[in-house]
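Q: First the structure, then my questions, so here it is.
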Amino acid sequence: MLKANNISKSYNDLQVLKNVELDLMNNEVVSIVGASGAGKSTLLHILGTLDKPDAGSLTINGYDVVALSANKLAKFRNSQLGFVFQFHNLLPEFSAIENVCLPGFISGKPDAEVKSRGKELLEILGIGARANHRPSELSGGEQQRVAVARALINDPNIVFADEPSGNLDSKNAEQLHKLFFDLRDQFKKTFVIVTHNEELAELSDRKVEIKDGSILYA
Ligand code: ADP
Ligand code: ADP
(Lines give C-alpha, C1' and ligand atoms only; values in the text may rest on other atoms or scores of the structure.)
(Ligands and ions follow the chains in the order given, each with its own letter.)
Protein backbone atom coordinates (compact mmCIF):
# COMPACT_ATOMS: atom_id res chain seq x y z
CA MET A 1 0.00 0.00 0.00
CA LEU A 2 2.86 2.38 0.90
CA LYS A 3 6.46 1.61 0.07
CA ALA A 4 9.32 3.96 0.90
CA ASN A 5 12.79 3.10 -0.38
CA ASN A 6 16.07 4.74 0.48
CA ILE A 7 14.49 7.99 1.66
CA SER A 8 16.99 10.69 2.63
CA LYS A 9 16.39 14.25 3.74
CA SER A 10 18.69 17.04 4.88
CA TYR A 11 18.11 20.59 6.04
CA ASN A 12 21.20 22.60 5.21
CA ASP A 13 24.05 20.59 6.76
CA LEU A 14 21.80 18.51 8.94
CA GLN A 15 20.96 15.06 7.60
CA VAL A 16 17.66 14.20 9.25
CA LEU A 17 16.81 10.94 7.44
CA LYS A 18 19.33 8.47 6.02
CA ASN A 19 18.23 5.76 3.59
CA VAL A 20 14.97 5.03 5.35
CA GLU A 21 13.02 1.96 4.22
CA LEU A 22 9.43 1.41 5.22
CA ASP A 23 6.52 -0.72 4.03
CA LEU A 24 3.04 -0.07 5.31
CA MET A 25 0.37 -2.74 5.15
CA ASN A 26 -3.34 -2.35 5.01
CA ASN A 27 -5.23 -2.14 8.24
CA GLU A 28 -2.58 -1.39 10.85
CA VAL A 29 -1.86 1.21 13.48
CA VAL A 30 1.81 2.19 13.15
CA SER A 31 3.45 4.46 15.67
CA ILE A 32 6.54 6.54 14.90
CA VAL A 33 8.56 7.23 18.02
CA GLY A 34 11.94 8.74 18.89
CA ALA A 35 13.54 11.62 20.73
CA SER A 36 12.57 15.19 20.03
CA GLY A 37 14.35 16.30 16.85
CA ALA A 38 14.91 12.71 15.68
CA GLY A 39 13.07 13.32 12.41
CA LYS A 40 9.61 11.90 13.16
CA SER A 41 7.66 14.84 11.73
CA THR A 42 9.99 15.01 8.76
CA LEU A 43 9.35 11.34 8.00
CA LEU A 44 5.60 11.72 8.48
CA HIS A 45 5.53 14.76 6.19
CA ILE A 46 7.46 12.90 3.51
CA LEU A 47 5.29 9.76 3.76
CA GLY A 48 2.23 12.00 3.62
CA THR A 49 3.58 13.80 0.49
CA LEU A 50 3.59 17.15 2.34
CA ASP A 51 7.34 17.33 1.89
CA LYS A 52 9.67 15.86 -0.74
CA PRO A 53 12.65 13.61 0.00
CA ASP A 54 16.06 14.63 -1.39
CA ALA A 55 16.56 11.06 -2.58
CA GLY A 56 14.62 7.83 -2.60
CA SER A 57 11.28 6.60 -3.89
CA LEU A 58 7.82 6.59 -2.45
CA THR A 59 4.93 4.60 -3.85
CA ILE A 60 1.45 4.96 -2.39
CA ASN A 61 -1.55 3.02 -3.67
CA GLY A 62 0.45 2.24 -6.81
CA TYR A 63 1.39 5.88 -7.53
CA ASP A 64 4.99 7.03 -7.73
CA VAL A 65 4.18 10.16 -5.73
CA VAL A 66 7.64 11.75 -6.00
CA ALA A 67 7.11 11.98 -9.76
CA LEU A 68 3.63 13.56 -9.64
CA SER A 69 3.30 17.23 -10.58
CA ALA A 70 2.32 19.61 -7.78
CA ASN A 71 -1.21 19.84 -9.12
CA LYS A 72 -1.72 16.09 -9.40
CA LEU A 73 -0.10 15.56 -6.03
CA ALA A 74 -2.50 18.01 -4.35
CA LYS A 75 -5.45 16.10 -5.83
CA PHE A 76 -3.95 12.76 -4.84
CA ARG A 77 -3.33 13.93 -1.28
CA ASN A 78 -6.81 15.37 -0.85
CA SER A 79 -8.57 12.29 -2.17
CA GLN A 80 -6.37 9.41 -0.97
CA LEU A 81 -4.73 10.53 2.26
CA GLY A 82 -6.04 11.85 5.57
CA PHE A 83 -4.26 14.07 8.11
CA VAL A 84 -4.67 14.86 11.79
CA PHE A 85 -2.35 17.36 13.49
CA GLN A 86 -1.52 18.15 17.11
CA PHE A 87 -3.46 21.37 16.93
CA HIS A 88 -6.57 20.38 15.06
CA ASN A 89 -6.18 23.04 12.31
CA LEU A 90 -9.95 23.40 12.02
CA LEU A 91 -11.21 26.59 10.40
CA PRO A 92 -12.60 28.76 13.22
CA GLU A 93 -15.39 30.39 11.20
CA PHE A 94 -16.82 27.07 10.05
CA SER A 95 -19.00 24.64 11.99
CA ALA A 96 -17.83 21.11 12.78
CA ILE A 97 -19.81 19.62 9.89
CA GLU A 98 -18.54 22.28 7.46
CA ASN A 99 -14.94 21.58 8.50
CA VAL A 100 -15.49 17.85 8.03
CA CYS A 101 -17.06 18.26 4.59
CA LEU A 102 -14.53 20.69 3.12
CA PRO A 103 -12.07 18.12 1.68
CA GLY A 104 -15.09 16.30 0.23
CA PHE A 105 -16.32 19.42 -1.56
CA ILE A 106 -12.77 20.09 -2.82
CA SER A 107 -12.63 16.57 -4.26
CA GLY A 108 -15.66 17.40 -6.39
CA LYS A 109 -18.03 14.79 -5.00
CA PRO A 110 -21.74 15.71 -5.01
CA ASP A 111 -22.61 17.99 -2.08
CA ALA A 112 -25.44 15.81 -0.82
CA GLU A 113 -23.22 12.73 -0.74
CA VAL A 114 -20.46 14.59 1.15
CA LYS A 115 -22.90 16.07 3.68
CA SER A 116 -24.55 12.78 4.44
CA ARG A 117 -21.17 11.07 4.88
CA GLY A 118 -20.00 13.94 7.09
CA LYS A 119 -23.01 13.58 9.37
CA GLU A 120 -22.56 9.85 9.49
CA LEU A 121 -18.89 10.21 10.47
CA LEU A 122 -19.69 12.67 13.26
CA GLU A 123 -22.27 10.17 14.56
CA ILE A 124 -19.78 7.30 14.39
CA LEU A 125 -17.26 9.43 16.28
CA GLY A 126 -19.81 10.23 18.98
CA ILE A 127 -20.14 13.97 18.25
CA GLY A 128 -23.23 14.03 16.04
CA ALA A 129 -24.89 16.47 18.44
CA ARG A 130 -21.97 18.90 17.96
CA ALA A 131 -22.26 19.14 14.17
CA ASN A 132 -23.32 22.79 14.10
CA HIS A 133 -20.90 24.06 16.73
CA ARG A 134 -17.80 26.02 15.84
CA PRO A 135 -14.41 24.66 16.96
CA SER A 136 -14.16 27.25 19.79
CA GLU A 137 -17.38 25.83 21.27
CA LEU A 138 -15.95 22.31 21.43
CA SER A 139 -13.64 20.65 23.95
CA GLY A 140 -10.12 19.64 22.89
CA GLY A 141 -11.19 16.00 22.60
CA GLU A 142 -14.20 16.93 20.49
CA GLN A 143 -12.08 19.14 18.24
CA GLN A 144 -9.73 16.22 17.58
CA ARG A 145 -12.70 13.99 16.75
CA VAL A 146 -13.85 16.56 14.22
CA ALA A 147 -10.32 16.56 12.78
CA VAL A 148 -10.46 12.75 12.54
CA ALA A 149 -13.85 12.91 10.79
CA ARG A 150 -12.39 15.46 8.35
CA ALA A 151 -9.45 13.14 7.69
CA LEU A 152 -11.89 10.34 6.82
CA ILE A 153 -14.36 12.24 4.64
CA ASN A 154 -12.82 11.13 1.34
CA ASP A 155 -12.37 7.57 2.57
CA PRO A 156 -8.55 7.48 2.35
CA ASN A 157 -6.89 4.19 3.17
CA ILE A 158 -4.07 5.90 5.08
CA VAL A 159 -4.42 8.54 7.78
CA PHE A 160 -1.29 10.38 9.03
CA ALA A 161 -1.38 11.91 12.48
CA ASP A 162 1.33 14.11 14.02
CA GLU A 163 1.06 13.94 17.81
CA PRO A 164 -2.73 13.92 17.65
CA SER A 165 -3.09 13.51 21.42
CA GLY A 166 -0.17 15.82 22.31
CA ASN A 167 -2.53 18.55 23.41
CA LEU A 168 -5.09 16.36 25.23
CA ASP A 169 -5.36 15.27 28.85
CA SER A 170 -4.78 11.57 29.49
CA LYS A 171 -8.46 10.63 29.48
CA ASN A 172 -9.14 12.30 26.14
CA ALA A 173 -5.86 10.97 24.75
CA GLU A 174 -6.86 7.42 25.65
CA GLN A 175 -10.28 7.87 24.05
CA LEU A 176 -8.71 9.22 20.86
CA HIS A 177 -6.28 6.29 20.70
CA LYS A 178 -9.12 3.82 21.19
CA LEU A 179 -10.86 5.52 18.30
CA PHE A 180 -7.91 4.86 15.98
CA PHE A 181 -8.04 1.16 16.79
CA ASP A 182 -11.84 1.05 16.41
CA LEU A 183 -11.61 2.78 13.03
CA ARG A 184 -8.88 0.40 11.89
CA ASP A 185 -11.17 -2.51 12.71
CA GLN A 186 -14.35 -0.95 11.38
CA PHE A 187 -13.03 0.61 8.16
CA LYS A 188 -9.81 -1.38 7.56
CA LYS A 189 -7.66 1.72 7.50
CA THR A 190 -4.01 2.30 8.27
CA PHE A 191 -3.06 4.96 10.80
CA VAL A 192 0.51 6.28 10.93
CA ILE A 193 0.94 8.21 14.15
CA VAL A 194 3.88 10.24 15.44
CA THR A 195 3.57 10.02 19.20
CA HIS A 196 5.31 10.49 22.51
CA ASN A 197 2.57 8.49 24.19
CA GLU A 198 4.16 5.23 25.31
CA GLU A 199 0.85 3.50 25.88
CA LEU A 200 -0.19 4.13 22.29
CA ALA A 201 3.22 3.07 20.99
CA GLU A 202 3.00 -0.22 22.90
CA LEU A 203 -0.58 -0.90 21.82
CA SER A 204 0.12 -0.19 18.16
CA ASP A 205 0.52 -3.00 15.62
CA ARG A 206 3.97 -1.74 14.75
CA LYS A 207 6.39 0.65 16.40
CA VAL A 208 8.85 2.44 14.16
CA GLU A 209 11.64 4.07 16.12
CA ILE A 210 13.84 6.73 14.57
CA LYS A 211 17.32 7.31 15.85
CA ASP A 212 20.16 9.17 14.18
CA GLY A 213 18.14 9.39 10.99
CA SER A 214 17.54 5.66 10.67
CA ILE A 215 14.77 3.31 11.62
CA LEU A 216 15.75 1.07 14.50
CA TYR A 217 12.85 -1.29 14.33
CA ALA A 218 10.07 -1.50 11.74
P1 ADP B 1 10.80 15.35 15.46
O2 ADP B 1 9.46 15.35 14.80
O3 ADP B 1 11.33 13.97 15.71
O4 ADP B 1 10.84 16.17 16.70
P5 ADP B 1 11.58 16.89 13.15
O6 ADP B 1 11.36 16.00 12.00
O7 ADP B 1 10.55 17.94 13.43
O8 ADP B 1 11.84 15.99 14.44
O9 ADP B 1 12.97 17.61 12.99
C10 ADP B 1 14.18 16.89 12.81
C11 ADP B 1 15.33 17.88 12.74
O12 ADP B 1 15.22 18.62 11.53
C13 ADP B 1 15.34 18.89 13.86
O14 ADP B 1 16.67 19.14 14.19
C15 ADP B 1 14.66 20.11 13.25
O16 ADP B 1 15.09 21.30 13.85
C17 ADP B 1 15.13 20.01 11.81
N18 ADP B 1 14.15 20.59 10.85
C19 ADP B 1 12.88 20.16 10.66
N20 ADP B 1 12.25 20.88 9.72
C21 ADP B 1 13.17 21.80 9.30
C22 ADP B 1 13.15 22.85 8.33
N23 ADP B 1 12.05 23.09 7.60
N24 ADP B 1 14.26 23.59 8.18
C25 ADP B 1 15.38 23.34 8.90
N26 ADP B 1 15.47 22.37 9.83
C27 ADP B 1 14.39 21.60 10.03
P1 ADP C 1 6.33 18.95 15.55
O2 ADP C 1 5.81 19.63 16.78
O3 ADP C 1 5.29 18.19 14.80
O4 ADP C 1 7.60 18.16 15.76
P5 ADP C 1 7.87 21.11 14.65
O6 ADP C 1 7.48 22.13 15.66
O7 ADP C 1 9.15 20.36 14.78
O8 ADP C 1 6.68 20.10 14.52
O9 ADP C 1 7.85 21.74 13.22
C10 ADP C 1 6.79 22.54 12.78
C11 ADP C 1 7.16 23.08 11.40
O12 ADP C 1 8.35 23.85 11.49
C13 ADP C 1 7.43 21.98 10.38
O14 ADP C 1 6.82 22.31 9.17
C15 ADP C 1 8.92 21.93 10.23
O16 ADP C 1 9.29 21.61 8.91
C17 ADP C 1 9.35 23.34 10.60
N18 ADP C 1 10.63 23.34 11.34
C19 ADP C 1 10.98 22.55 12.37
N20 ADP C 1 12.23 22.80 12.79
C21 ADP C 1 12.69 23.82 12.01
C22 ADP C 1 13.92 24.54 11.92
N23 ADP C 1 14.95 24.28 12.71
N24 ADP C 1 14.02 25.51 10.99
C25 ADP C 1 13.00 25.77 10.17
N26 ADP C 1 11.82 25.13 10.18
C27 ADP C 1 11.65 24.16 11.08
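Q: Hey, rough spin-label estimate for ASP169 and SER8, points 7 angstrom out along Cα→Cβ, what's it come to in nanometres?
A: 4.8
Q: Ok, one more. Name the residues whose placed amide hydrogens come within less than 5 Å of the amide hydrogen of ASP54, ignoring near sequence neighbours (fewer than 5 apart) on the same chain.
A: For ASP54, whose amide H was placed from the backbone, the distant partners under 5 Å are SER8, LYS9, SER10.
Q: By how many nm would the segment from SER79 to ASP51 lengthen if fully extended, with 0.36 nm per residue of separation less the alpha-carbon distance? Walk me through the numbers before you get to the answer.
A: On the way: separation 28, 0.36 × 28 = 10.08 nm, distance 1.72 nm.
Here the segment from SER79 to ASP51 would lengthen by 8.4 nm.
Q: Give me the accessible area per residue for segment 2-217, probe 1.4 Å, as a whole number in Å².
A: Working: 10340 Å² over 216 residues.
Computed with neighbouring chains in place, this is 48 Å² per residue.
Q: With respect to the cross-link table entries LYS3/LYS178; LYS109/LYS178; LYS75/LYS189; LYS9/LYS40; LYS18/LYS72, which display a Cα-Cα separation exceeding 18 Å? Let's see the in-between values first.
A: Numbers: LYS3/LYS178 26 Å; LYS109/LYS178 30 Å; LYS75/LYS189 20 Å; LYS9/LYS40 12 Å; LYS18/LYS72 27 Å.
With Cα atoms farther than 18 Å apart: LYS3/LYS178; LYS109/LYS178; LYS75/LYS189; LYS18/LYS72.
Q: Enumerate the amide H contacts of VAL159 below 5 Å, restricted to partners 5 or more residues apart or on another chain; note that Pro and chain-start residues carry no placed amide H.
A: Placed amide hydrogens put GLY82, THR190, PHE191, VAL192 under 5 Å from VAL159.
Q: Taking the Cα centre of the chain as the origin and placing charges on Cβ (Lys, Arg +1; Asp, Glu -1), which of LEU168, VAL84, SER139 is farthest toward the positive end of the dipole?
A: Final value for the positive-end residue is VAL84.
Q: Given a Förster radius of 41 Å and the C-beta distance between ASN19 and SER107 as r, what FRET efficiency does 1/(1 + (r/R0)^6) yield to the nearest 0.05?
A: Details: r = 34 Å, r/R0 = 0.84.
Step by step, r from the Cβ atoms, then E = 0.75.
Q: Let me ask something else about it. If you average the alpha carbon positions of segment 9-80 and of segment 185-218, how far apart do those two centres end up, in angstrom?
A: Taking the Cα centre of each part, segment 9-80 and segment 185-218 sit 15 Å apart.
Q: Run lengths n ≥ 4 of DSSP H only: what is the helix-derived mean residue ellipticity at 222 nm for the chain, with -39500 (n - 2.57) per run over all residues, to the nearest 500? The partial results should precede the final answer.
A: Details: 7 runs with 81 residues, N = 218.
After summing the helix terms and dividing by residue count, I get -11500 deg cm²/dmol.
Q: Would you kindly calculate the translational diffusion coefficient of the chain, applying Stokes-Einstein with the Kirkwood radius from alpha carbon pairs, for 10 °C and a viscosity of 1.306 mPa s, and quote it in µm² s⁻¹ without decimals?
A: 90
Q: Using +1 on the beta carbon of Lys and Arg, -1 on that of Asp and Glu, and nothing else charged, what's the dipole of the chain about the Cα centre, debye to 20?
A: Details: 24 positive and 28 negative charges, 107 e Å.
So the magnitude is around 520 debye.
Q: Now for a different question. Given a 1.4 angstrom probe, I'd like the percentage of the accessible area of segment 74-190 that is carbon and sulfur, rounded to a whole number. Walk me through the numbers on the way to the answer.
A: Values: 2720 of 5460 Å².
After summing per-atom areas, the C and S share lands at 50 percent.
Q: Where both residues lie in the chain, what percent of DSSP beta bridges are antiparallel, nearest 5? Write out the running numbers ahead of the final one.
A: Numbers: 17 of 34 bridges.
Within the chain, antiparallel bridges account for around 50 percent of the total.
Q: By a straight-distance test (C-alpha under 18 Å), which aspartates and glutamates pair with LYS188 as possible cross-link partners, with residues fewer than eight away in the same chain excluded?
A: ASP23, GLU28, GLU120, ASP155, ASP205
The values are calculated or read from the model by the stated rules, or taken from the named source; none is laboratory data. What you see is a predicted model, and the numbers here were worked out from it, not measured in a lab. Reconstructed Cβ throughout: ideal geometry from the backbone, glycine too, with neighbour counts over all protein chains shown. Areas reflect the complete protein model, heavy atoms only, side chains present, ligands, DNA and RNA absent. Shrake-Rupley method; radii C 1.70, N 1.55, O 1.52, S 1.80 Å.
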